[in-house]
Amino acid sequence: MRINRASGHNRSPMTRPALLNALCAALFAAPFAVLVAPAAAADLKPCRLKGVEREAQCGQIEVPENPAAPDGRKLAIHVAVVPALAKNKAPDPVFVLAGGPGQAAMGVAGQMQPVLAKLNARRDIVYVDQRGTGRSNALTCETSERLVPLTEALDNQRVVAKLAECVAKLPADTRQYATWIAMRDLDAVRAALGAEQINLWGASYGTRASLDYLRQFPQRVRSVVLDGMAPPDMVLPASFAVDADAALSRLLEQCERDARCKARHPALAADIDRLLDAAAQGATIDIADPLTGKREAVRLDRLLATNLLRAPLYVPSIAAVLPQAVAAAGGGDYAPLATLSSAFAGAVTRNFADVMHFAVICAEDLPRLTAEQVEAARRTRFGTESVDFYRAACAAVPSQPAPAEFYTLPKADVPVLLLSGGADPATPPRHAERVAEALPRTLHLVAPNLGHGVSAQGCAPELIARFVRQASFDGIDGACLQNLPAPPLFAPPTGATAKP
């Protein structure tokens with residue numbers, strides 16, 4: 001097999017449905033045989049990746065969309081390699097597995113290269129756009145409706161109806177875009193590049209994908225870094241509510257301990273509850289469209305309200321402004337709250353395949369949703385709105401059951417470094433703790449004051465580089481992560497009032 005030259009492709013600007021989907025997301029039969037034969041060499045051509053100064057090498061492999069029908073429709077899986085600087089490079093490259101599900105690996109190269117710079121000195125860094133993302137037949141509902149009125153874009157029933165129309169027209173079988181199939185593609189890329197073993201770095205959903213690759217191909221893995229653990233038995237979207245509620249409670253406690261915050265927002269928890277109560281009654285709010293600046297009257301329901309609260313929690317420096325934004329909303333000004341959410345969701349949607357996102361969650365998570373999990377979500381401030389939305393969306397996205405073994409954790413004797421942010425509203429340490437107990441060789445490091453994503457912060461790049469270089473935990477000390485401070489809670493200039 002050869003890797004063929006990759007063609008260029010750029011995602012168009014984010015669509016309104018994609019914005020809502022990203023706010024909801026901001027995150028599984030027996031194994032198939034490998035149906036693509038490896039080759040001794042890869043045919044890579046020079047290319048450029050956005051945000052990466054050095055020239056990369058790009059190509060593609062062809063795989064069957066349906067592994068059980070090798071003569072059927074084919075997919076081009078695109079790959080980019082940032083070559084090692086050293087001539088005498090190490091034989092085991094680092095493969096980057098992106099999050100979502102729905103992010104394309106090549107789309108995060110600009111952010112990842114600084115994190116992996118020390119490893120790139122002697123190792124190739126490999127970005128594979130997972131089937132259904134980026135350049136690998138992205139499953140996305142790009143339409144001409146990017147500038148429909150905000151009131152229509154945030155109408156959940158309309159979003160689901162448009163999703164159904166989009167899926168029906170896509171040149172794809174959404175049942176074939178699940179994680180366990182995509183990891184077969186990843187191994188085909190490994191074989192084409194001629195690497196006997198690889199190192200895996202995965203974040204958020206990429207941790208789930210990494211675990212499944214390790215399960216299917218343990219002999220091909222030298223080391224694994226998992227940042228923000230999302231195990232296969234996590235069951236999104238029920239965990240959205242439970243984990244986001246814990247992160248929000250943490251922020252409330254932080255405000256209670258902070259004298260200035262407590263003085264300015266003495267009833268912050270009650271303010272949030274009033275906002276959610278108003279949303280439950282179907283309040284109408286006046287808000288500026290983030291794409292056009294035009295002000296519109298928008299119906300605020302609980303799904304939108306909870307998403308506006310949850311998105312800022314991913315990044316502590318953004319979450320630090322949330323108390324002031326909630327106070328402003330209590331006075332009728334929802335612009336700060338919408339701006340905080342857009343600051344996170346906007347970056348996600350620029351590299352996000354919304355249908356692929358649903359294809360994964362609908363196949364791997366929703367079928368395992370139990371009444372107990374729904375009830376646990378119902379008891380939180382975030383409720384079951386995300387569960388209800390995904391149930392409706394998944395009715396429009398065909399999927400197939402995951403193999404039972406997909407939900408088992410691998411027993412391979414491979415060192416796995418787990419990283420967690422203590423303030424993470426999506427993949428907090430509790431998920432990594434469960435995985436760490438089940439895997440044979442693990443080290444779990446927690447950065448108490450960080451949110452969703454640890455690898456780029458403080459000493460984390462150095463810890464990752466040392467771990468991958470030696471494929472062991474020798475000298476890996478997480479104390480430097482423990483000492484990373486929480487950002488101070490935002491306070492307006494002296495003299496400003498807490499509420500308009």
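What the table below lists for this structure:
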| quantity | calculated |
| --- | --- |
| Kirkwood Rh, Cα atoms: Rg over Rh of region 106-245 | 1.02 |
| Diffusion coefficient, µm² s⁻¹, Stokes-Einstein with Kirkwood Rh over alpha-carbon pairs of the chain at 37 °C and 0.692 mPa s | 142 µm²/s |
| Debye, to nearest 20: dipole size of region 157-253, +1 on Lys, Arg Cβ, -1 on Asp, Glu Cβ | 300 debye |
| Pairs of Cα atoms farther than 16 Å apart, region 269-379, % | 67 percent |
| Ordering of 323-332, 167-176 by burial proxy (mean other Cβ atoms within 10 Å per residue, highest first) | 323-332, 167-176 |
| √(5λ) per eigenvalue of the Cα gyration tensor, region 162-316, largest first, Å | 41, 24, 13 |
| Label-point gap, in nm, between N483 and K411 - each point 7 angstrom along Cα→Cβ | 4.1 nm |
| Extension reserve of the A297-R430 stretch, reckoned as 0.36 nm per residue once the Cα distance is removed | 43.9 nm |
| Phi to ³J(HN,Hα) by Karplus 6.51 cos²θ - 1.76 cosθ + 1.60 over region 271-277, Hz, x for Gly, Pro | 4, 5, 4, 5, 4, 5, 5 |
| Part-to-part distance (alpha-carbon centres) for region 449-474 and region 279-337, which is given in Å | 34 Å |
| Long pairs among K87/K118; K162/K294; K50/K87; K89/K411, criterion Cα-Cα beyond 21 Å | K162/K294; K50/K87; K89/K411 |
| Point-charge dipole on Cβ atoms (K/R +1, D/E -1) for the chain, about Cα centre, debye to 20 | 1040 debye |
| Mean Cβ neighbour count within 10 Å, used as a protection proxy, ranking 219-226, 337-344 highest first | 219-226, 337-344 |
| Mean ellipticity per residue at 222 nm, deg cm²/dmol - from DSSP H runs of n ≥ 4 across the chain, formula -39500 (n - 2.57) | -11500 deg cm²/dmol |
| Interatomic Cα distance distribution for region 45-108, bins of 5 angstrom, percent | 4, 14, 17, 22, 18, 13, 7, 4, 1 |
| Amide H partners (placed H, <5 Å) of D227, local residues excluded | G202, A203, S204, L419 |
| DSSP-defined antiparallel bridges as percent of all bridges, the chain, nearest 5 | 50 percent |
| Amide hydrogen neighbours beyond the local backbone of I198, cut-off 5 Å, H modeled | V221, R222 |
| Straight-distance crosslink candidates among lysines, where the alpha carbon sits under 29 Å from K169 and sequence neighbours closer than 8 are dropped | K74 |
| Projected-area average for region 363-500 over all orientations - Cα convex hull basis, square nanometres | 13.3 nm² |
| Anchor K262: aspartates and glutamates whose Cα lies under 19 Å away (excluding residues fewer than 8 positions away in-chain) | E253, D271, D273 |
| FRET efficiency estimate (nearest 0.05) - Cβ-Cβ, A121 to D233, R0 35 angstrom | 0.40 |
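Every number here is computed from the coordinates shown, using simple stated rules; none is lab data. Bear in mind the structure is a predicted one, so any value in this text is a computation, not a measurement. Because the Cβ atoms are built from the backbone with ideal geometry, glycine has one as well, and the counts that use them run over all protein chains shown.
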